[in-house]
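Each reported figure results from applying straightforward, stated rules to the coordinates on display, with no laboratory input. The structure displayed is predicted, hence computed values, not measured ones. In this analysis, Cβ positions are derived from the backbone assuming ideal geometry, glycine residues included, and neighbour counts consider all displayed protein chains.
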């Protein structure tokens with residue numbers, strides 16, 4: 001993540017919460033790793049899809065920025081999915 005984007009999103013999210021008077025979650029006590037938090041997306045593809053659907057992020061960062069950023073991450077996902085890995089080469093060359 002780009003540090004500037006992360007900072008803008010963090011500050012924007014805080015301001016969004018204040019402006020919309022969102023309630024704070026309950027304070028975490030004890031072992032924070034045992035908390036029942038919503039898991040983050042496990043792949044770039046699922047994170048990109050969630051970003052593209054978020055009305056809040058569009059309001060915070062602007063629809064134009066979000067659309068552009070989503071397109072760049074879609075391109076990155078397609079490039080990754082099209083790549084042939086060393087594992088695939090080693091695994092499937094042994095079959096031939």
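Cα axis of helix 3-19 to longest principal axis of the chain: angle in degrees, 0 to 90, nearest 10? Helix 3-19 sits at roughly 40 degrees to that axis. Stretching residue 52 away from residue 8 to a fully extended chain increases their span by 14.1 nm, per 0.36 nm per residue minus the current alpha-carbon distance. Our compactness index for the range 41-96, the C-alpha radius of gyration over the empirical 2.2 N^0.38 Å, is 1.60.
Note on the chain: Cα-only Rg and Dmax are 18.9, 63 Å.
Per-residue ellipticity at 222 nm for the chain, helices alone: DSSP H runs ≥ 4 residues times -39500 (n - 2.57), over residue total, nearest 500 deg cm²/dmol? Kindly include the intermediate steps, with their values, before the conclusion.
On the way: 5 runs with 62 residues, N = 96.
Calculated at 222 nm, the ellipticity per residue is -20000 deg cm²/dmol.
With each label modelled as a point 7 angstrom along the Cα→C-beta vector, the residue 81-residue 27 pair spans 4.6 nm.
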